[in-house]
Amino acid sequence: MTITFGGLVDRARGLVEGGRRAVLGITGAPAAGKTTLAEELVRAINADWVAHVPMDGYHLADAELDRLGRRDRKGAPDTFDALGYAALLRRLHEDEDDIVYAPGFERTLEQPIAAAIPVFRQARLIITEGNYLLLDDPHWARVRPLLTEIWYADLDPDERLRRLIDRHIRFGKPERAAVAWATGTDERNATLIRATRERADLIVPAEVIRGIGQPAGLS
């Protein structure tokens with residue numbers, strides 16, 4: 001089966017049946033193009049019944065990472081509020097509230113921002129994206145049952161690493177520090193994520209991801 005971006009748009013639309021709310025998850029290693037794919041799907045569908053809710057708002061704040069002694073590996077699975085993210089997904093699935101506020105993430109500050117993303121009742125398709133949607137971990141495992149489908153963004157390693165280093169530099173890291181973080185902390189996380197690839201409902205190939213453009217400093 002040849003996968004195209006147009007086919008992905010049709011598949012995403014098809015997740016909403018009979019007016020039910022569906023939550024589509026997009027996962028992949030850091031800088032694999034998850035955010036770009038999510039944003040392009042929302043743009044292509046172009047309707048008030050689709051919303052984009054990234055997982056990145058569930059980063060723990062730097063002050064809490066300092067308290068826990070985990071700031072030097074920010075982005076690892078235990079530097080997120082996985083249970084809080086699962087609780088958000090449950091609320092979205094319950095579909096009982098006129099509006100649900102989700103946290104955002106400010107890249108220039110590298111900090112989560114509470115209640116930054118409103119999800120209105122008319123949103124029938126929620127597109128969420130993040131690194132650990134398929135991780136088999138006591139906390140993260142609660143996420144998978146709350147997602148209608150999960151797609152894996154499979155950008156080739158060299159291109160992904162180049163984008164990742166560029167992103168770190170763009171948001172303030174000196175080049176040497178950017179390379180060290182991308183090939184150290186980020187690569188350890190990427191190894192964990194790659195091990196979850198075969199659990200995805202769909203693999204989005206590199207040519208599709210490259211075809212929708214360079215990620216604008218996102219994941």
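Read the figures in this text as sums done on the coordinates, not as results from a lab. This structure is a prediction, so every number in the text was calculated from the model and none was measured. Counting neighbours? That spans all protein chains shown, and the Cβs are built from the backbone with ideal geometry, glycine included.
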Using alpha-carbon pairs under 8 Å, 6+ residues apart, how would you state the relative contact order of segment 5-209 in percent? 32 percent
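Which loop-located trypsin sites (Lys or Arg not before Pro) does segment 115-219 contain, where loop means any DSSP state but H, G, I, E or B and the Cβ has at most 13 other Cβ atoms within 10 Å? Don't skip to the answer; put the middle values down first.
Values: sites: 121, 124, 142, 160, 162, 163, 167, 170, 176, 188, 194, 197, 199, 210; in loops: 121, 124.
Taking segment 115-219 and a limit of 13 other Cβ atoms within 10 Å, the loop trypsin sites (Lys or Arg not before Pro) found are 121.
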In nm, to one decimal, how far is the modelled label at residue 192 from the one at residue 207, with both set 7 Å along Cα→Cβ? 3.3 nm
Treating only the Cα positions of segment 56-178 as identical point scatterers, give the base-10 log of I(q)/I(0) from the Debye formula at each q in 0.18 Å⁻¹. -1.15
From DSSP H assignment alone, runs of 4+ in the chain each adding -39500 (n - 2.57), the sum over residues rounded to the nearest 500 puts [θ] at 222 nm at -11000 deg cm²/dmol
Taking the Cα centre of the chain as the origin and placing charges on Cβ (Lys, Arg +1; Asp, Glu -1), which of 35, 99, 172 is farthest toward the positive end of the dipole? 172
Linear extension gain, residue 83 paired with residue 101, 0.36 nm per residue minus alpha-carbon span: 4.9 nm
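With 10 angstrom as the radius, rank 58, 101 by how many other C-beta atoms surround their C-beta, starting from the fewest. Kindly include the intermediate steps, with their values, before the conclusion.
Values: 58 21, 101 14.
With the sparsest Cβ surroundings first, the list reads 101, 58.
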Please give the contour-minus-distance gain from residue 111 to residue 179: 0.36 nm per residue of separation, less the Cα-Cα distance, rounded to one decimal in nm. 22.4 nm
Describe numerically, in nm with one decimal, the distance between label points set 7 Å from Cα along Cα→Cβ at residue 169 and at residue 11. 3.4 nm
